[in-house]
Each structure stands twice: as C-alpha cells, then as structure tokens.
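Working notes, beginning with the structure itself.
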Amino acid sequence: MKDEIINVALPKGRLGDNVYELFSKAGYRCEELENPGRRLTFENAEAGIRYFWVKPSDVAIYVEKGAADLGVAGKDILTEYRPDIYELLDIGLGRCRMAVAAPKNFRDDHRRTLRVATKFPSTAKRYYSSIGRDIDIIKLNGSIELAPILGLSDVIVDIVETGATLKQNNLEVYETLFDISARLIANKASYRFKREKINEIKAGLSAAIKERELV
Ligand code: PRP
C-alpha cells in the first residue's frame, strides 16, 4: 500500500542513535528527527515512516500493544518480559552478556538459600529454577554491583559489557547465561497486515548492517 506509515519505537540513548543511523542508511532518513525541537514523533511521509523515542525498557510494550509496528529492544529485555512479538533481525549493536557475578573466590554453599540481586528477576528465577537452586530475589533498579559488596546479596545477575564495573568492584563473572544484542521486533498484527513494507525495511536494515560490518 502506497500511503502506509510504519511506526517505529526507538530506544532513547546511544543505541537508539546508532539504530536510527541504520534506518537512515536503509533509506528511511527523517529530517524532523535530526532537528527535534520539542516534538515527540517524527515523520517522513514520503518514505512512509514515523519514529518516536521511548525508554529502552518500554520499547517492547509499545510494540506488543501495537502503538508501534516496529521497535528495537535488547535481548535482555525480551528475555525478561517475554513480550508477544516477532523478533525479526539481530541488529548486532549493543552487544553484551547476561551473567551471574560474585565476589572473587565466591563458593556457592548449597545448604543455604542463595540471595540474588538483580534488575532481571524473571531471568534470574528461570535460570536458578533450571538448575534446581533455591534463591531469594532482591529486586533492584540500578547499581546492582553494590549489593554483594554491602552484604545485601551473595551474587548478582546483571549485564556485563566490558567487565570494567565488575573489576573495579572486586567482582567477577561466575557463570555466563546468554549473549545479548539489539533486535528488530514487530507487532504480530502489523506483521500480518503490513508485511511487505516491514520486510522491505528489514531487508534495508540487513544491508546497512552488512555494510557497517565491512567498514
Ligand atoms: C550496566 C550494568 C552494569 C554495567 C556493565 O549498568 O548493570 O552495571 O552496565 O558494563 P561494563 O561491563 O562495561 O562495566 P548501567 O550503566 O545500565 O547502569 P545501572 O547501574 O543503572 O544498571
């Protein structure tokens, strides 16, 4: 359909800026977005695309509920919230991993319930239940590394990118759970009704990603 507009939820921040670069290279540049002022949505009617910035952890909700047709969210968020969406493409940006980390020389004493501090309670619960280990979850919203240092928890389940935060706080990776990167996600109904256009965007992004990898 010619006048079809695809709504895209971009994660605010450096990852979102890089993702927009890829959309732009794929042929979906939007001048309004490059001079934002106080607008919240940015449209290029000719290219049939409208963008808006949302908190990275909210992208999946916008897409699941259909407020956005497409979005870009980290595998960490997708694993934690398991939204009912399609995952279309590994964008390859924002690479890091989900890991259990602990003070150096930590030994797990199975006679005691393990205290786990994390921003990702479902992910942590699922992992420990898969290995049959009893835990207490301590849900925090940031600065997770503080918890074992102050004796609030035994271990943490958190994102490790460079490892610098762990190192500087005398913590180390105890177990890596899975690799993380940003994914292009689609609302299920949108993918059914706007499949052609969405696949065109996906192909454009794939080409832009390949080009980026060659540089
Ligand atoms: C994330 C994560 C770690 C840190 C890992 O925190 O929770 O603290 O980045 O990065 P590194 O391995 O490169 O050191 P974020 O910056 O999102 O802040 P937070 O404390 O609010 O979780």
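If R0 is taken as 25 Å, the Cβ-Cβ distance between Asn169 and Ser57 corresponds to a FRET efficiency of 0.60.
With θ taken as phi - 60° and the Karplus curve 6.51 cos²θ - 1.76 cosθ + 1.60 applied, the whole-hertz 3J(HN,Hα) list for segment 148-158 is x, 5, 8, x, 6, 9, 8, 9, 10, 10, 7 Hz, x standing for glycine and proline.
The spacing between segment 71-86 and segment 1-46, judged by their C-alpha centroids, is 20 Å. Per residue, the solvent-accessible area of segment 138-215 (1.4 Å probe, heavy atoms of protein chains only, all protein chains present) comes to 58 Å².
When the accessible area of the chain is computed with all protein chains present and a 1.4 Å probe, what percentage of it is carbon and sulfur?
46
Rolling a 1.4 Å probe over the protein heavy atoms gives segment 36-100 an accessible area of 50 Å² per residue. Taking 29 Å as the straight-line reach from the Cα of Lys65, the lysines in range (excluding those fewer than 8 positions away in the same chain) are Lys2, Lys12, Lys25, Lys55, Lys75, Lys119, Lys125, Lys139, Lys188, Lys194, Lys197, Lys202.
The values are calculated or read from the model by the stated rules, or taken from the named source; none is laboratory data. Note that the structure is predicted; figures quoted are calculated from it, not measured. Quick reminder, even Gly has a Cβ in these numbers, built from the backbone with ideal geometry, and neighbours come from all protein chains shown. Accessible surface areas use protein heavy atoms only, side chains included; no ligands, DNA or RNA. Shrake-Rupley method; radii C 1.70, N 1.55, O 1.52, S 1.80 Å.
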